[in-house]
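Below: one structure, written as structure tokens.
The values are calculated or read from the model by the stated rules, or taken from the named source; none is laboratory data. Everything numeric in this text was worked out from a predicted model, so none of it was measured. Because the Cβ atoms are built from the backbone with ideal geometry, glycine has one as well, and the counts that use them run over all protein chains shown.
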Amino acid sequence: MRRAALLSALFLTGPSLLSAQTAYSECNDIRITGSKNINLCNAGVDAANIFHPVAGLLVSGGNPVLGSIKTLGGFPHFSLTARVNATQLSIPDPNYDGTGTTVGQDQKVFAPAPLVEGALGILKGFGPTGILSADLLASAQLLPTTQVDGLTVDKDARRIGSIALGLGFGARVGVLRGRGPIPTVTVSAMRRSIPKITVGDVAGGDQSQFGVDLKATNLRLVAGYKLTVLVIGAGLGYDKYTGSADVSIEDQNIPGPPIPVKIDLDNSRTMAFLTGALDFPVFKIAAEVGYQFGKDQNLRTSFAGNDPADRRLFAGGGIRFAF
């Protein structure tokens, strides 16, 4: 009789134990019970981890000075760039309710991210090649707060009118000043941050939402040539993304307030890109295109149309004024 009772208990509790074993540690909350809630929580954690390097890509792009392959030549030279980065996003189905572990795709959108970038020459460099010339770099990411459905920005973020701001700073150093077959080579480092961006709206009827903030460290190596008015170059990059995410899920068992989950985020990516410009005396028409290389994130959930191990195409374009 005791054996039968024990077997019955194992049979009844086995599925929930199995679900708990496949849940992220952040989803092992006493309030998160039943397979649907666990799947929803896992999906929210996965969505935040997928979105994090995509946000980093939109903020950082490839070349930190669009279409440029060399430093400015010391003080008081400076440049100002109006730029847009873009990549394609797969928006997950907001009606996913935790049934199964595959989240459908709502739509694909081509997401633009406008920035203003500045560079100031501080060191001309040494010798006829200008080795170790240096620029200070800065950027301002413009984040729409009401213009995109299903996306909101932290109400306490820095703003200009209805536009929230993410900021960045860094430096670029000249390694080689190209002559003949020898390319011009620069290296740069940037540190950027953006306020919390929330995707989804549980209060508005979505089953889950997640909010992500971002701190990005960008390292770049760019080499290229100037051919009369045409500048062409190629670059490699490494990005480190850190931050946190707030996930909220709608309880599928008992109607009530959303269940909150907080996680830390830590991702990295490599990239390769082509950059170029039509280099006129004062203004430059510049563009770039490249790939951010993917990485397997060992997710609990599958998202239709979005595999983080795939490489991601990105592009940028804009106008740069240099003096």
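Would you be able to tell me the number of residues in the stretch 85-97 that are assigned to a loop (DSSP other than H, G, I, E, B) and either of a type in the set (Asp, Glu) or under 17 Å from the mean Cα position of the chain (by Cα) (or both)?
Counting residues in the stretch 85-97 that are assigned to a loop (DSSP other than H, G, I, E, B) and either of a type in the set (Asp, Glu) or under 17 Å from the mean Cα position of the chain (by Cα) (or both) gives 2.
Would you please name the residue that is nearest to residue 78 (Cα to Cα), looking only at residues in the stretch 290-323 that are assigned to a strand (DSSP E or B) and free of Cβ contacts under 8 Å to residues at least 40 places away in the same chain?
291
Quick check on this structure: which one of 275, 242, 270 is within 30 Å of residue 30 (Cα to Cα), at pLDDT 95 or above and either small (Gly, Ala, Ser) or part of a strand (DSSP E or B) (or both)?
242
Might you check whether a residue that is in contact with a Leu (Cβ under 9 Å, 6 or more places away or on another chain), surrounded by fewer than 23 Cβ atoms within 10 Å (Cβ to Cβ), at pLDDT 95 or above and not in a loop (DSSP other than H, G, I, E, B) occurs anywhere in the stretch 98-113?
Scanning the stretch 98-113, I find no residue that is in contact with a Leu (Cβ under 9 Å, 6 or more places away or on another chain), surrounded by fewer than 23 Cβ atoms within 10 Å (Cβ to Cβ), at pLDDT 95 or above and not in a loop (DSSP other than H, G, I, E, B), so the answer is no.
For residue 200, indicate whether it is at pLDDT below 90, over 25 Å from residue 232 (Cβ atoms) and either buried (at least 20 other Cβ atoms within 10 Å of the Cβ) or touching a Cys at 6+ places or on another chain (Cβ under 7 Å) (or both).
Yes.
Please go through the stretch 286-309 and pick out each residue that is among the hydrophobic types (A, V, I, L, M, F, W, C) and either more than 26 Å from residue 221 (Cβ to Cβ) or surrounded by 15 or more Cβ atoms within 10 Å (Cβ to Cβ) (or both).
286, 287, 299, 303, 304
Starting from the stretch 55-83, keep only residues that are more than 25 Å from residue 212 (Cα to Cα) and free of Cβ contacts under 8 Å to residues at least 60 places away in the same chain, then list their pairs with residues that are among the hydroxyl-bearing types (Ser, Thr, Tyr) and part of a loop (DSSP other than H, G, I, E, B) whose Cβ atoms are within a distance under 7 Å, requiring at least 6 positions of separation or different chains.
Between residues of the stretch 55-83 that are more than 25 Å from residue 212 (Cα to Cα) and free of Cβ contacts under 8 Å to residues at least 60 places away in the same chain and residues that are among the hydroxyl-bearing types (Ser, Thr, Tyr) and part of a loop (DSSP other than H, G, I, E, B), the close pairs are 74/133.
Name the strands (runs of 3 or more DSSP E) wholly within the stretch 117-226 that hold at least 1 residues that are closer than 18 Å to residue 48 by Cβ and among the aromatic types (Phe, Trp, Tyr)?
none
Can you tell me how many residues in the stretch 203-258 are over 21 Å from the mean Cα position of the chain (by Cα), under 28 Å from residue 143 (Cβ atoms) and either surrounded by 20 or more Cβ atoms within 10 Å (Cβ to Cβ) or charged (D, E, K, R) (or both)?
Total meeting the criteria: 4.
When the residues of the stretch 281-321 are filtered to those that are at pLDDT below 95 and over 30 Å from residue 24 (Cα atoms), which remaining residue is nearest to the chain's Cα centre (by Cα)?
Residue satisfying both the conditions and the ranking: 283.
Conditions tested, residue by residue: (1) assigned to a loop (DSSP other than H, G, I, E, B); (2) in contact with a strand residue (DSSP E or B) (Cβ under 6 Å, 6 or more places away or on another chain).
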| residue | (1), (2) |
| --- | --- |
| 40 | no, yes |
| 44 | no, yes |
| 53 | no, yes |
| 58 | no, yes |
| 62 | yes, yes |
| 65 | yes, yes |
| 68 | yes, no |
| 71 | yes, yes |
| 75 | yes, yes |
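Among the candidates 59, 65, single out the residue that is modelled with pLDDT under 95, closer than 27 Å to residue 288 by Cα and surrounded by 24 or more Cβ atoms within 10 Å (Cβ to Cβ).
Within the list 59, 65, the selection yields 59.
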